[in-house]
Amino acid sequence: MTELRALTPDDLPACVRLGLDRQWSPEPAKWAFLLRVGTGFGLVDGGELVGTVIITRFGVEHAAVSMVLVASSHGGRGLGRRLMEHALAFAGTPVVSLHATSYGKPLYEKLGFRSVGRVTAHVGAFDGTASGTSRPVEDADRAKVVAADAEVFGTDRSAMWGELFGFASQVRVADDGFVAAWANGPVTMVGPVVAPSVGRAAELISDVAVGATSVRVDVGDPALASWLVARGLAPRYTVDLMVRGAFGGDRSRLYAPVMQALG
C-alpha cells in the first residue's frame, strides 16, 4: 500500500533518482528550487519514493503542476492519476497549467486539461553575439519586473520571483522587456523571456546566452524557433502547454517560460 505524504528537502536525492529511472537528466538544483517555491507530494512504498508531483500556487488564481513521476516499477497502477487528483484538490485554483509529454497528455485530458500550444526545447552552443540592449537588473528594477510578469502571466508571482532573483545566474532588463537565465547542471536555461516582439526577444536571449557552453530555450513561436536554430540551438523535443480553466494576461509577450515546470 503506497502512502502519500509531503516532500521535504531530505527527499531531494530520492527525487533525483526517480527522475533518472524515467530517463530524466539529474536536476538537483531545479528540484530544490521547485520545492522552495511550491509544495511537493510523494508516494512511498516500503520506504521507497515511487511517485512525485509538485504544485506551485500563484496567489489564489493560478497553480502550475510539475514533476509528475511514477517509478517504472509501479507503472499501470493508477498512481499518476492519484497524484494528479491530489494535486488538483490541493491547488484549489480556477486555473491550473502544466506542460505535457505525449505519454502524460491522455491522463491530463481526462482530468479536464486542454492543449493551448506547443513548446519545443532548443539546445546547443549559442553561435551569436550579445545585442547590448539590456542591462543587469538592479534592486530598483525588481518591482517593475514582477509587475510586468503579472501582466503577462495573468497573476502575481512575486513569491516565486523572491526566490528566482537569487536562484538565477542572470536577470537582465530593458525598457520593454526582461530575461533571466539559470544553471541546470552544465546547461544555461534561458527563461522567462518577456518582450513585445520576436526581434526583441532574440536580443534579450542573446545577452544571456552568449559565452555559455550549452544553452536551452523553450519556445513556441515559429519565428523565434527558426532564429534559435540558425544560431546553433537544435530542437530536442516538443511538449503541449495544457490548461484547466483559462489563462489571463497578455501571454503574447511571453516568449519562453521560467521553466516548463512553472508554466
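Here, each number is a calculation from the coordinates, and none is a lab measurement. What you see is a predicted model; the values in this text were computed from it and never measured. FYI the Cβ positions are ideal-geometry reconstructions off the backbone, even for glycines, and counts take in every protein chain you see.
Grouping the Cα pair distances of region 121-238 into 5 Å bins from zero gives a pair-distance distribution of 2, 12, 23, 25, 20, 12, 5, 0 percent in increasing distance order.
Rounded, prolate or oblate: pick one for region 215-263, where a ≥ b ≥ c are the square roots of the eigenvalues of its C-alpha gyration tensor, a/c under 1.5 means rounded, and failing that, prolate if a/b is larger than b/c, else oblate.
Working: a/c = 2.39, a/b = 1.81, b/c = 1.32.
Here region 215-263 falls in the prolate category.
Can you run the Rg to Rh ratio on the chain? Use alpha carbon positions and the Kirkwood inverse-distance Rh. Over the Cα atoms of the chain, Rg/Rh equals 0.96.
With contacts taken as Cα pairs under 8 Å at a separation of at least 6 residues, region 3-93 carries a relative contact order of 25 percent. Ratio of Rg to Rh for region 1-95: 0.95 [Cα atoms; Kirkwood radius as inverse mean 1/r over pairs]. Simple spin-label estimate for residue 229 and residue 127 gives 1.4 nm between the two label positions (7 Å along the Cα-to-Cβ direction from each Cα).
Which aspartates and glutamates, on any chain, are close to residue 110 with Cα under 20 Å apart, when same-chain ones fewer than 8 places away are left out? Excluding near neighbours in sequence, the set is 85, 240. What is the distance in Å between the Cα centres of region 45-99 and region 220-239? A separation of 29 Å, based on Cα centres. For the chain, find the longest principal axis of its Cα atoms and tell me its angle to the long axis of helix 198-209, 0 to 90°, nearest 10. Taking the Cα atoms of the chain, the angle to 198-209 is about 80 degrees.
Between residue 250 and residue 17, full extension at 0.36 nm per residue minus the direct alpha carbon distance yields a gain of 80.1 nm. What the Cα convex hull of region 125-170 gives, in volume per residue, is 116 Å³.
Quick check: the angle from helix 158-167's long axis to the longest principal axis of the chain, C-alpha only, nearest 10 degrees? The answer is roughly 70 degrees.
Relative protection proxy for 231-242, 30-41, from highest mean packing down: 30-41, 231-242 (other beta-carbon atoms within 10 angstrom). Mean-square fluctuations from a GNM of the chain, with a 10 angstrom spring cutoff on Cα atoms, peak among 215, 229, 70 at 229. Once the Cα-Cα distance is subtracted from the 0.36 nm per residue extended length, the residue 102 to residue 8 segment shows a gain of 30.9 nm.
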